[in-house]
Structure formats: C-alpha cells, structure tokens
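Worksheet for the structure shown next.
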Amino acid sequence: MLKLRKELNTQIEHFKEDYPQLEFSISQDQTELLDLSINNLIGNILFGGLCTFVMIFFFMNDLKTPILIGIVIPVSLVVTFLCFYLFHISINIVSLAGLVLGIGEIIDSAIIVIENIEQYREEGHPLDEACIDGTQEVIMPLFTSILTNSAVFLPLIFISGIARALFFDQALAVYLSLGISLLCYYTLIPVLYRLFY
C-alpha cells in the first residue's frame, strides 16, 4: 500500500500537468491508518519491552536475564515476519493484531524457561544439565499452553466468505507467532543461557 501511495501521487502529478483545467485529489488514503498502526505497534513493543526489562531486572536481580529475553523477542519477530512473507500474509491491522496477541506469550514462556533453568542450578545441577533438564521439564506444559491459546483462533481458519478475509490473517499470525516463540524458547533460550552464564 505504501508503494501504491507513492506511485499514485506521482501519477496525480502527471495528470495535473496534462490536464490543468481539472482538479485531482485522493478521496481515501488507507495508508495513514496503516502507518498509524505500525507506529503504534512499534511504540507498544518498545514501551512494553522497556517495562518488561525493568520488571524482570527488579524481580530476578540479574541483568543478564532481561538481556536474554531482549534477544529472544526480536529473533521471534524477525522469524515471524519471514513466515509472513513465505505465507503471503500482508502486514495490515488484522495481522498486526494477531502478532500483538502472540508477543505476550513469547515473554511469559521465556521467563518460565529461564526460571526453571535457574531452579535446577540452585539445586546444584551443572550448567549444561540445568539448561537441558530445565527446558525439557517445562516444554510440554508450554506446548499445551500454546495449543489452548491458539485453539480459540482455530475456527477462524475454517470460516468462509468475508469473515475469512477479515480474520484469517489474524488467526494465522497468532499461530505463527506462538509456534515460532515455542521453537525459540526451546532452542535459543537454553543455548543463550549457557553462553551467558
């Protein structure tokens, strides 16, 4: 849409030159709403990330943990946007809403995995064993948690007509963000934790 807006503005300038007796104007511009939504999403991610960073730092009394979560969130988002591209999902208000719903789960689950690894370390397990066992212990409950959260959006995939056009992107965005977050905190968090500590 943003590319279309630039092309349309260029075309209107050509029309104004070719037909000076006529007045040309754009009657509707959906890109303003899209720009607002994207800026709102970026602002919310930054503000939410800052609040999360501060809260995790105060409750866990460790600077490495918020940094670790701060690495996992962008990686999850980048991979999710890559999947958007592969599945031909456009970035619009509906798909961004689904992405926002999935981001909260990324943070919650990352904290759960880290806490469980730290619990194993406090019990005296070696670092490698704590990373493996701590992640293995919580991965199945986290997987079922993601399944229950995404089950709400399952009917949206099978509906048809206008409702499908409206909600399919949102449902798929939620599934992708939750699935990728599960993959990230099953693979990335234990490895980063091992490297950090």
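The values are calculated or read from the model by the stated rules, or taken from the named source; none is laboratory data. What you are looking at is a predicted structure, and each value in this text was computed from that prediction instead of being measured. FYI the Cβ positions are ideal-geometry reconstructions off the backbone, even for glycines, and counts take in every protein chain you see. Remember, those area values only see protein heavy atoms, side chains included, never the ligands or the DNA or RNA. Shrake-Rupley method; radii C 1.70, N 1.55, O 1.52, S 1.80 Å.
Along the charge dipole of the chain, which of PHE196, GLY104, PHE87 sits closest to the positive end, that is, farthest toward it, with unit charges on the beta carbon of Lys, Arg, Asp and Glu (+1, +1, -1, -1)?
The Cα lying farthest towards the positive end belongs to PHE87.
Per the helix-only calculation at 222 nm, which mean residue ellipticity applies to the chain, given -39500 (n - 2.57) for every DSSP H run of n ≥ 4 and division by its residues, nearest 500 deg cm²/dmol?
My calculation for the chain gives -29500 deg cm²/dmol from helical runs alone.
Using alpha-carbon pairs under 8 Å, 6+ residues apart, how would you state the relative contact order of the chain in percent? Don't jump to the answer; show the numbers that get you there.
Numbers: 156 pairs, mean separation 51.2, N = 197.
It rounds to 26 percent for the chain.
Please compute the modelled spin-label separation between PHE81 and THR31, points set 7 Å along Cα→Cβ, answer in nm with one decimal.
1.8 nm
Which value, in Å² and to the nearest 10, is the accessible area of CYS51 when all protein chains are kept and the probe is 1.4 Å?
Result for CYS51: roughly 50 Å² accessible.
Before anything else, pin down the relative contact order of region 81-190: Cα pairs under 8 Å, at least 6 apart, normalised by residue count, whole percent. Before the final figure, lay out the partial values.
On the way: 97 pairs, mean separation 47.5, N = 110.
About 43 percent, as a whole number.
Please compute the net charge surrounding PRO126, taking Lys and Arg as +1 and Asp and Glu as -1 over other residues with Cβ under 15 Å from its Cβ. Provide the component values of the computation, followed by the final result.
Details: positive: ARG121, ARG194; negative: GLU118, GLU122, GLU123, ASP128, GLU129, ASP133.
So the environment of PRO126 carries a net charge of -4.
Measure nothing fancy, just the Cα-based angle from helix 93-122's long axis to the longest principal axis of the chain, in degrees from 0 to 90, nearest 10.
Orientation of helix 93-122: about 10 degrees from the principal axis.
Order THR52, THR148 by their accessible area, 1.4 angstrom probe, all chains in place, largest first.
Working: THR52 30, THR148 90 Å².
Sorted by accessible area, descending: THR148, THR52.
Please report, in debye to the nearest 20, how large the charge dipole of region 1-130 is about its Cα centre when each Lys and Arg carries +1 at its beta carbon and each Asp and Glu carries -1 there. All intermediate terms of the calculation are to be shown ahead of the outcome.
Numbers: 6 positive and 17 negative charges, 52 e Å.
Using only the charged Cβ atoms, the result is roughly 240 debye.
So how do HIS14, HIS125, HIS88 rank on accessible area, 1.4 Å probe, biggest first, that is with the largest at the start?
Numbers: HIS14 90, HIS125 60, HIS88 165 Å².
Per-residue accessible area, sorted high to low, gives HIS88, HIS14, HIS125.
Could you tell me the calculated FRET efficiency between GLU129 and ALA97, based on Cβ-Cβ distance and R0 = 45 angstrom, to the nearest 0.05? List each step's numbers first, then the result.
On the way: r = 41 Å, r/R0 = 0.91.
It comes to 0.65.
Using a 1.4 angstrom probe and counting only protein chains, how large is the accessible area of GLU17 in Å², to 10?
Per-residue accessible area (GLU17): approximately 130 Å².
Ranked by accessible surface with a 1.4 Å probe, highest first, in what order do TYR120, TYR193, TYR175, TYR85 come? Let's see the in-between values first.
Values: TYR120 40, TYR193 0, TYR175 60, TYR85 170 Å².
The most accessible residue leads, giving TYR85, TYR175, TYR120, TYR193.
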